[in-house]
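*Asks:* Mind looking over this structure? Questions follow.
The values are calculated or read from the model by the stated rules, or taken from the named source; none is laboratory data. Remember, it's a predicted structure, so these values are computed and weren't measured experimentally. Here Cβ is always computed from backbone atoms with ideal geometry, including for glycine, and neighbour counts include all displayed protein chains.
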């Protein structure tokens, strides 16, 4: 079926006040020249209509099963809590819709594998929200490494230290349970380690330490201290498939976090990417040194910016970059974005990190 000039997107989880969609997807679609917001879906008719009016969507739904069946939609974006990714993603695929699901693809690897298999069977395009892979600074870093800027990659050091809250309202206390799939290992660490394998190559083996250092949060609604078992500190030592070594620390810390830094050391040069935020959330700055000892700021080519000037900066910018690539794939049949297959690979890396930490041994990456 021939795609319309503008890809018609329906967003599940389109609350106008809360959540990732209103921070990123909805403003990105409002400014996108490649896509239009055809429909929004929330759990209540009133909030769905509010979102439709605020963002100019054509249709409003409060049942995702009705939305995915609509012939007015080409692509379904699943932007709900991680434990709820599986059912609407599966329903959209079964309805014959292309799907953009945020990371993690499923609450478990088994869910991700099932969804990827279903998409293959149906012959549908899929997208997973690993937005660091469309961040212009990291795309340029990948190009430079591929073109020999650093020569043979020898060692990589990456850190992502974010300020973590010691307190939360009752509505967010579900995040203390690691089985819900939203914590430092599955979110910050997964995005950070995926960005490294994107700019270099895949992992061959790793050892890890996954810990929970802050074991209680204050529930600001009840005033009670609540036990926490979700991990907040992840340390990984790994080897890439080309033999280079990796040292990584990703953590949620109480105060004065240092942000994001990825250092790539090669036989002929060095590249460093930095940001105050995770690379899937914000633009990064790039520095380089080739056959010298001083890092110098590097300009990122404007050709790697795929969105118009009116695209809001921050998370809408990187999500907008992803929508552009998705639209191109739907028009040309050529994927350049992360797919559900990419997600399954990353789920397995996260599993290997858990296994290594739990067993105290090195784990090979399949």
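*Asks:* Provide a single number: the residues in region 323-344 that are free of Cβ contacts under 8 Å to residues at least 24 places away in the same chain and either over 15 Å from residue 98 (Cα atoms) or in contact with a helix residue (DSSP H, G or I) (Cβ under 6 Å, 6 or more places away or on another chain) (or both).
*Replies:* 1
*Asks:* Could you identify the single residue in 320, 292, 360 that is modelled with pLDDT of 95 or more, over 17 Å from residue 135 (Cβ atoms) and either in contact with a helix residue (DSSP H, G or I) (Cβ under 7 Å, 6 or more places away or on another chain) or surrounded by fewer than 21 Cβ atoms within 10 Å (Cβ to Cβ) (or both)? It would help to see each step written out before you state the result.
*Replies:* Numbers: 320 fails: over 17 Å from residue 135 (Cβ atoms); 292 fails: modelled with pLDDT of 95 or more.
The match here is 360.
*Asks:* Can you name every residue in region 213-245 that is within 18 Å of residue 179 (Cβ to Cβ) and in a strand (DSSP E or B)? Write out each step before concluding.
*Replies:* Within region 213-245, the subset within 18 Å of residue 179 (Cβ to Cβ) is 215, 217, 226-232, 234.
Across region 213-245, the qualifying residues are 217, 226, 227, 234.
*Asks:* Would a scan of region 148-159 turn up a residue that is over 21 Å from residue 234 (Cα atoms), touching a residue at least 40 places away in the same chain (Cβ under 8 Å) and within 19 Å of the chain's Cα centre (by Cα)? Write out each step before concluding.
*Replies:* Initially, region 148-159 is screened for residues over 21 Å from residue 234 (Cα atoms), giving 148-154.
Narrowing the set further to residues that are touching a residue at least 40 places away in the same chain (Cβ under 8 Å) leaves 148-154.
With the extra rule that they be within 19 Å of the chain's Cα centre (by Cα), the set shrinks to none.
Taking every residue of region 148-159 in turn, none turns out to be over 21 Å from residue 234 (Cα atoms), touching a residue at least 40 places away in the same chain (Cβ under 8 Å) and within 19 Å of the chain's Cα centre (by Cα).
*Asks:* If only one of 257, 244 is assigned by TED's automatic domain parsing to the domain that holds residue 139, at pLDDT below 95 and surrounded by fewer than 21 Cβ atoms within 10 Å (Cβ to Cβ), which one is it? Full working, then the answer.
*Replies:* Working: 244 fails: at pLDDT below 95.
Among 257, 244, only 257 is assigned by TED's automatic domain parsing to the domain that holds residue 139, at pLDDT below 95 and surrounded by fewer than 21 Cβ atoms within 10 Å (Cβ to Cβ).
*Asks:* Inspect all residues belonging to region 58-68 and state whether any of them is buried (at least 23 other Cβ atoms within 10 Å of the Cβ), under 21 Å from the mean Cα position of the chain (by Cα) and touching a residue at least 24 places away in the same chain (Cβ under 8 Å).
*Replies:* For region 58-68, residues buried (at least 23 other Cβ atoms within 10 Å of the Cβ), under 21 Å from the mean Cα position of the chain (by Cα) and touching a residue at least 24 places away in the same chain (Cβ under 8 Å): absent.
*Asks:* Something else about it: Do we find that residue 317 is outside the structural domain of residue 245 (by TED's automatic domain parsing) and within 24 Å of residue 206 (Cα to Cα) in this structure?
*Replies:* Details: outside the structural domain of residue 245 (by TED's automatic domain parsing): yes; within 24 Å of residue 206 (Cα to Cα): no.
The answer is no for residue 317.
*Asks:* Considering only residues that are surrounded by 16 or more Cβ atoms within 10 Å (Cβ to Cβ) and more than 19 Å from residue 153 (Cα to Cα), which ones fall in region 260-276?
*Replies:* Result: 260, 275.
*Asks:* I need the full set of residues from region 129-159 which are within 25 Å of residue 179 (Cβ to Cβ) and in contact with a strand residue (DSSP E or B) (Cβ under 6 Å, 6 or more places away or on another chain), in order please.
*Replies:* Correct list: 129 only.
*Asks:* Just wondering, is there one or more residues in region 132-143 that are modelled with pLDDT under 95, within 20 Å of the chain's Cα centre (by Cα) and not in a helix (DSSP H, G or I)?
*Replies:* Going through region 132-143, the residues modelled with pLDDT under 95 turn out to be none.
Checking region 132-143: not a single residue is modelled with pLDDT under 95, within 20 Å of the chain's Cα centre (by Cα) and not in a helix (DSSP H, G or I).
*Asks:* For region 16-32, how many residues are surrounded by fewer than 22 Cβ atoms within 10 Å (Cβ to Cβ) and assigned to a loop (DSSP other than H, G, I, E, B)?
*Replies:* Total satisfying the criteria: 4.
*Asks:* If you scan region 104-128, which residues turn out to be surrounded by fewer than 24 Cβ atoms within 10 Å (Cβ to Cβ), under 30 Å from residue 276 (Cβ atoms) and in contact with a strand residue (DSSP E or B) (Cβ under 7 Å, 6 or more places away or on another chain)?
*Replies:* If the condition is that a residue be surrounded by fewer than 24 Cβ atoms within 10 Å (Cβ to Cβ), under 30 Å from residue 276 (Cβ atoms) and in contact with a strand residue (DSSP E or B) (Cβ under 7 Å, 6 or more places away or on another chain), then no residue fits.
*Asks:* Filter region 107-131 down to the residues that are part of a loop (DSSP other than H, G, I, E, B) and either over 17 Å from the mean Cα position of the chain (by Cα) or farther than 22 Å from residue 349 by Cα (or both) and list them by number. Spell out the reasoning first.
*Replies:* First pass over region 107-131, keeping only residues part of a loop (DSSP other than H, G, I, E, B): 107-108, 123-125, 130.
Those that are part of a loop (DSSP other than H, G, I, E, B) and either over 17 Å from the mean Cα position of the chain (by Cα) or farther than 22 Å from residue 349 by Cα (or both): 123, 124, 125.
*Asks:* While we're looking at this one, here's another question. So, in region 296-317, of the ones that are loosely packed, with under 15 Cβ neighbours inside 10 Å and touching a strand residue (DSSP E or B) at 6+ places or on another chain (Cβ under 9 Å), which residue ends up farthest from residue 132 (Cα to Cα)?
*Replies:* Here the residue is 296.
*Asks:* Can residue 43 be described as over 30 Å from residue 352 (Cα atoms) and either assigned to a loop (DSSP other than H, G, I, E, B) or touching a residue at least 12 places away in the same chain (Cβ under 8 Å) (or both)? Spell out the reasoning first.
*Replies:* Values: over 30 Å from residue 352 (Cα atoms): yes; either assigned to a loop (DSSP other than H, G, I, E, B) or touching a residue at least 12 places away in the same chain (Cβ under 8 Å) (or both): yes.
Taking the combined requirement at face value, the residue satisfies it.
*Asks:* Also, quick follow-up: Does at least one position in region 324-343 carry a residue that is modelled with pLDDT of 95 or more, under 23 Å from the mean Cα position of the chain (by Cα) and part of a strand (DSSP E or B)?
*Replies:* No: region 324-343 contains no residue that is modelled with pLDDT of 95 or more, under 23 Å from the mean Cα position of the chain (by Cα) and part of a strand (DSSP E or B).
*Asks:* If residue 229 satisfies every condition in (1) under 16 Å from residue 185 (Cα atoms); (2) surrounded by fewer than 17 Cβ atoms within 10 Å (Cβ to Cβ); (3) in contact with a strand residue (DSSP E or B) (Cβ under 7 Å, 6 or more places away or on another chain) but one, which is the exception?
*Replies:* Result: residue 229 fails condition (3) only.
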